[in-house]
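Computed from the coordinates by the stated procedures, all read-outs in this text should not be read as laboratory data. Just so it is clear, the model here is predicted, and its values are computed rather than measured. Virtual Cβ from ideal backbone geometry, glycine too; neighbours counted across all protein chains shown.
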Amino acid sequence: MNIRPLDLLDLPILSRYRNEALFLDSTRALTRGNPLSAAGFLSHFNPARHIYTAIAKEDGDSLLGCVIHAPDETFARLLYLAPSPLLTHPGLAALIENLSAQAGTWGAFQVVAEVDETSEAFPALRNSGFAVYAWQRVWDLSSIAEAAAGSGWTRTREADLPAIQSLYHQIVPPLLQAVESMPHRAEGFVCGEGTRHHVRVSHGAAGVMLIPLIHPDSERAGERLASLLGSLPARGTRPVYLRVRSYQAWLEPTLADLGARAGERQAVMVKHLTRRIKDEETVKAVRPAGASVQPSRMSRAETGEISGVSQKPAANIPPESSPRGAG
């Protein structure tokens, strides 16, 4: 199988597959539209962006796949695979491996894919080293009645970040924290005393995605979410979605009571990108600013430090006296 980067001569294939792609990043697909459009294709040639599309050809069949990486994230995302009728092709796993290898050159530690649990791409992702870390469902809030705006939602300020980060650690399981970035900037909206409600907003020409962090002990969560719709700036007629992952599944009955429409359940799949370091291999380390590092060839065993515990010399205890009369 021949796998190579997409080039301008492949534009007819991209156009032919435009309506046959399986999207693996729900937020990007619902807010920015079809990545196989002409505008999406041109973005692949922007050297400042980490976006890579590969084409695989074998026996007259052509497979496409795309991976993308944001500079402020430690993981990459599979964007799409195409065409849908060839998702059971035996060469799909090799294409996924090629995309993952490219993500590794950008410094990504993991690759994430969001896929319907009944998708034909599920086995190929599993065979390529992806594992299910969580489940999610995207809810369409466009048809629910908006509550009165101004019911406590305010834009996030820098002073809110410590409370939001604490909320993040309370809600997001440690296993997922590697692929679900902790908020580091004052983005989105907060509501309630003690910042028990935070919603990040991702928006584009096609729609608006809300990504919530809401404490399970919060009161009137449904009412607050409905009021947030009236607080969104410049929403216009764009649809509004809310992504609920399995660690916040308690929100789903509340959304159903509001009249939101549930999407298909999706698996959040993660592939770890690892690189084996051989013995005696020199590894370049980055020294923190202001830190002084002194080279040493001593091992932990030689320094007496094992598993983080300093092995101090034993106290000077005199040898036990021999019993009298021993002979």
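How would 166, 142 line up from fewest to most surrounding beta-carbon atoms within 10 angstrom?
Ascending number of Cβ neighbours within 10 Å: 166, 142.
Compute the Cα gyration tensor for region 142-259, then decide on rounded, prolate or oblate, letting a ≥ b ≥ c be the square roots of its eigenvalues: rounded whenever a/c is under 1.5, prolate when a/b is larger than b/c in the other cases, and oblate in all that remain.
It comes out rounded by the Cα gyration axes.
Tell me whether region 45-85 comes out rounded, prolate or oblate; compute the Cα gyration tensor, take square roots of the eigenvalues as a ≥ b ≥ c, and use a/c under 1.5 as the rounded threshold.
prolate
How far apart, in nanometres, would the label points at residue 135 and residue 72 be if each is projected 7 angstrom from Cα along the Cα-to-Cβ direction?
3.2
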